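Notes follow the structure.
The values are calculated or read from the model by the stated rules, or taken from the named source; none is laboratory data. Just so it is clear, the model here is predicted, and its values are computed rather than measured. Every residue, glycine as well, gets a Cβ built from its backbone with ideal geometry; the counts of neighbours run over all protein chains shown. Areas reflect the complete protein model, heavy atoms only, side chains present, ligands, DNA and RNA absent. Shrake-Rupley method; radii C 1.70, N 1.55, O 1.52, S 1.80 Å.
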Amino acid sequence: MRLRGAATKLRPVADGCQLLDMRRLTGVIDYQPTEFVITAWAGTPAAEVQALLAEHGQYLPFDPLLAERGATLGGTVAANACGPERYRYGGVRDFIIGARFIDGNGHVIQGGGKVVKNAAGFDYPKLMVGSLGRLGALVDVTFKVFPRPEAYATLQMSCPSLDAALALLPKLTNCPYDLNAIDIVVNGSNAATLLVRVGGLAAGLPQRMDRVRSLCGGGEIVAGDDEARIWREAREFTWVAEDASVVKVPLTPARIPALDARIQATRRRYSVGGNVAWIATHAPAELDALLTALDLAGLVMLNALGDPRIGRRVSHPFAERVARALDPQHKFG
Amino acid sequence: MSQAEFLSALRAVFPPGRLLTAPAALAAYESDGLTAFQARPLAVVIPETQAEVVAAVRACHRFGVPFVARGSGTSLSGGALPIKEGILIALNRLNRILKLDPQQRIAVVEAGVVNAEITKAAAPYGLLYAPDPSSQPVCTIGGNIAFNSGGAHCLKYGMTSNHVLGLKVVLPDGAIAELGGDSLESVDADYVGLFVGSEGLFGVVLEATVRLLPKPETYRTLLAAYRSLEAAGDAVSSVIASGLLPGALEIMDHLSIQAAEAAVKPGYPLDAAALLIVELEGERAQVEAEWARLREVIDASQPYLIKVARDDEERSKIWKGRKSAFSAVGRLSPDYIVQDGVVPRRRLGEALAEIEKLSAKWGIRVANVFHAGDGNLHPLIMFDGREPGALQRAEELASEIINLCIRLGGSITGEHGVGMEKRQYMPRQFSESDMDAMWALRKAIDPLELANRGKVFPDGEAPALRRVGSHPLEQAGVISRV
């Protein structure tokens, strides 16, 4: 069995398997704005949820990817598809508090619940994050949500090189300023743009932006629609060619230079304060070999040909045993 | 294979001083923070290296002997209670901070490192480890991970699970697995997330990669006093509804105020029916803007008194009272049971009113100190263990409170874990098929049920003999049960 949502990211092909289309399992099941918790069917478009939350001044702080193209909540969880603002409060794993899914034995399993703090039972909801539909089919998911920042502003700074931008990173990540996102966009081999997003109450924002600018030693402060556009571009991947494969590579800032030196010809972006590389490539097989050599793992998030998992493949006895319990007959994986 | 052969296998790994078998030496390990349960293990081993932990687990597997891993033994759910026919693996000496990288904002620590030591090591770089259970001066990171510990500051930054990026663990058969990594992101299923909070049933943590956060630039803390518990509960709802995201949002009721004041004199108003503590934290300009909004919300909630901490000293005084509340309740009652059920936040007022009714119905005093922002209750059910039947009555009341939390759509535990104490309540919160699925997972990972046997699932081994009274560390004021 293969699962598909809106197929905005991975496009499972039947390939002799039963294809289970989740797109009609849609709608919000439970949302009490004063509770800051929302439960919805797995096929619900993330954009629909974001729009509903926005009516009440709330949001999913992990910046779900490709929402405008129709990404579903289930797909967002299964692919762990979070964006630049994940930097501030955490990713999909940090906001999912409940999940119901059907495992490979055909059992419906409810993990977690609808309260924000819960230490009872095994944390299946987190296990589902990044599972790529290999451990079961998500039926519904519950997220805690946060108050949406009243206003945003972004410092946009041109740097002569990636190294120059990277040199500013520790200053930003270690300072006590509350930063929502830190991304570096590499433009060709000789220039990079540092983007620092700050959100909060409108009253304190100008003063906070001045401090970020003086910390970085320059840059231009962008607000309003132009500012929103900068981050929409990252979330919706409008910065890459339609036919390119886009690969997510988790890493740490210290590992960026070695990787970057080998992918000079590609379009790329370092996100989440240097914890994620997004690489657009037309040669995923070559990137696979490179990542393996650098001991990095990757996931082809857009336009995958075959298995989206590339680079270093970790296999450990814990994962094997979990799969044996949830999907002993390999129905999903 | 005999017990003698098993012990001789342990002797090959551990010198006499680190392999305890004499009854007097074992006595110190009979209980954890939940002293109602006690059991004397076959032996205690005290490894100093990860290899020794692995060797102990492998010996257990070879001889089919169950084991319990333990840090400082502060579990409030009996999670580190030993097994009579098994061994205890005491991890306090596996306590090296292997790496602290301020630029990547991570620390790699061994399981026996004390929670507060991580923040201490990170402080020179302006960083901290966020999860702050009240036992943080003594509790270890391994135990925090096993039980997904919380604290007073979960509202904004989550529980232990949200701060662990990678784990190196030994599975119950001695196999080693490395889960997650050192990046904030991952492209694999979140096995770290599954392991955290599994209460020792999946194996033993050897080392953990945790994320560090910059220390907030500033804090603003206020104390608001109300004439009724309900009014304080309503104030919590309005603070949350206002779109503010405080670092902490806590309530103490009349009884716990009295107790805290008697114990550490934090300067709380003694005639208050309830106190609300709200703390904003973060960047100065943002906090100042939030502060103005918070003051409006709090003023509108009509407290009869508002106290604002003017400096760090006043702030720590407020927190000292809060964090000492549990041990302070010991002054009001020789014994008490603490529960940590969770209710949806909008139903806090309802839950508190119900608890008040139950308290009156049973004629048993209940003090309430809780993480209001998370809906995480901490009712302290007071009794005198010398009175025949008093413990049983207190437990029946506790059971009714747990049922209440489930009925309101919450959970039997927010941060203390199921352990020994709440295992019989699991089938009330989870359906039979959910319980079956969890059991199947446990069996797939540990077919012999060696790791922390008897915990989490009902119908484990028979409960140990019961006794009452607080933990020695608690009496000494070192730890408290929050």
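See the values below:
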read-out: Cβ-placed point charges (K, R +1; D, E -1), dipole of the protein assembly as shown about Cα centre in debye, nearest 20; value: 800
read-out: Orientation-averaged projected area, Cα convex hull of chain B (nm²); value: 22.3
read-out: Alpha-carbon Rg with Dmax, taken over the protein assembly as shown, Å; value: 25.9, 81
read-out: Rg in Å to one decimal, and Dmax rounded to a whole Å, for the stretch A:239-333 via C-alpha atoms; value: 14.8, 44
read-out: Residue list for the stretch A:195-223, given a label point 7 angstrom along the Cα-to-Cβ vector of residue B:293 and an amide N cut-off under 17 Å; value: A:198-209
read-out: Per-residue HN-Hα couplings for the stretch A:30-35 [Karplus 6.51, -1.76, 1.60; θ = phi - 60°; Hz; x = Gly/Pro]; value: 8, 8, 10, x, 6, 8
read-out: Only Lys, Arg (+1) and Asp, Glu (-1) charged, at Cβ; the stretch A:2-147 dipole about Cα centre in debye; value: 320
read-out: √(5λ) per eigenvalue of the Cα gyration tensor, the stretch B:173-297, largest first, Å; value: 38, 21, 14
read-out: Rounded Å value of the spacing that divides the Cα centres of the stretch B:193-237 and the stretch B:76-131; value: 17
read-out: Per-residue mean of C-beta atoms belonging to partner chains within 10 Å, peptide B:34-45; value: 0
read-out: Amide hydrogen neighbours beyond the local backbone of residue A:140, cut-off 5 Å, H modeled; value: A:42, A:100
read-out: Between the stretch A:27-74 and the stretch A:161-224, the Cα center-to-center distance that results, in Å; value: 28
read-out: Chain A, relative contact order in percent, only Cα pairs under 8 angstrom and at least six apart counted; value: 17
read-out: Relative contact order (%) - criterion: Cα under 8 Å, at least six apart; region: chain B; value: 17
read-out: Percent RCO, i.e. relative contact order, over the stretch A:2-147, from Cα pairs under 8 Å lying at least 6 residues apart; value: 26
read-out: List B:362, A:278, ordered by accessible area with a 1.4 Å probe, largest first; value: B:362, A:278
read-out: Average projection area in nm² (convex hull over Cα atoms of chain A, one quarter of hull surface); value: 16.8
read-out: Which listed pairs, of B:120/B:317; A:171/B:120; B:265/B:455; B:215/B:422; A:126/A:248; A:114/B:215, have C-alpha distances above 27 Å, in listed order; value: B:265/B:455; B:215/B:422; A:114/B:215
read-out: Percent accessible area from carbon and sulfur atoms, the stretch A:2-147, protein chains only, probe 1.4 Å; value: 50
read-out: Rounded accessible area of residue A:252 (nearest 10 Å², 1.4 Å probe); value: 10
read-out: Over the protein assembly as shown: helical MRE at 222 nm, DSSP H runs n ≥ 4 each giving -39500 (n - 2.57), nearest 500; value: -9000 deg cm²/dmol
read-out: Per residue accessible area in Å² of chain B, where ligands, DNA and RNA are left out and the probe is 1.4 Å; value: 34
read-out: Part-to-part distance (alpha-carbon centres) for the stretch A:288-333 and the stretch B:390-447, which is given in Å; value: 34
read-out: Lys/Arg +1, Asp/Glu -1 at C-beta; the protein assembly as shown dipole; positive extreme among B:114, B:426, A:52; value: B:114
read-out: Estimated dipole of the stretch A:51-126 in Debye, rounded to 20 [Cβ of Lys and Arg +1, of Asp and Glu -1, Cα centre]; value: 160
read-out: Heavy-atom surface of chain A, accessible at 1.4 Å and reported per residue (Å²); value: 36
read-out: Karplus 3J(HN,Hα) series, Hz, for the stretch B:97-104 with 6.51 cos²θ - 1.76 cosθ + 1.60 (x for Gly, Pro); value: 8, 7, 7, 9, 10, x, 5, 8
read-out: Size of the A/B contact, given as accessible area buried on both chains, probe 1.4 Å, in Å²; value: 6700
read-out: Residue A:129 - accessible surface, heavy atoms, 1.4 Å probe, Å² rounded to 10; value: 0
read-out: For q = 0.12, 0.20 Å⁻¹, Debye-computed log10 I/I(0) when each Cα of the stretch A:136-278 counts as one equal scatterer; value: -0.53, -1.27
read-out: Minimum 20 Å² accessible area buried by the other protein chains, the stretch B:277-304 residues, probe 1.4 Å, relative to alone; value: B:283, B:285, B:286, B:289, B:293
read-out: Convex hull volume per residue for the stretch B:218-407, taking Cα atoms only, in Å³; value: 99
read-out: Accessible surface of the stretch B:218-407 [probe 1.4 Å, protein heavy atoms]: carbon and sulfur percent; value: 48
read-out: Using θ = phi - 60° and Karplus 6.51 cos²θ - 1.76 cosθ + 1.60, couplings along the stretch A:5-11 (whole Hz; Gly, Pro as x); value: x, 8, 6, 7, 10, 8, 10
read-out: Delta accessible area of at least 50 Å² on complex formation, residues of the stretch A:73-106, 1.4 Å probe, chain isolated as reference; value: A:86, A:89, A:93
read-out: Farthest toward positive dipole pole in the stretch A:151-310 [+1 Lys/Arg, -1 Asp/Glu at C-beta], among A:192, A:202, A:161; value: A:202
read-out: Charge-dipole axis of chain B as Lys and Arg at +1 and Asp and Glu at -1 on Cβ define it, positive-most pick from B:180, B:41, B:228; value: B:41
read-out: Packing rank of B:30-37, B:172-179, B:322-329, where each peptide gets the mean count of other beta carbons within 10 Å, highest leading; value: B:322-329, B:30-37, B:172-179
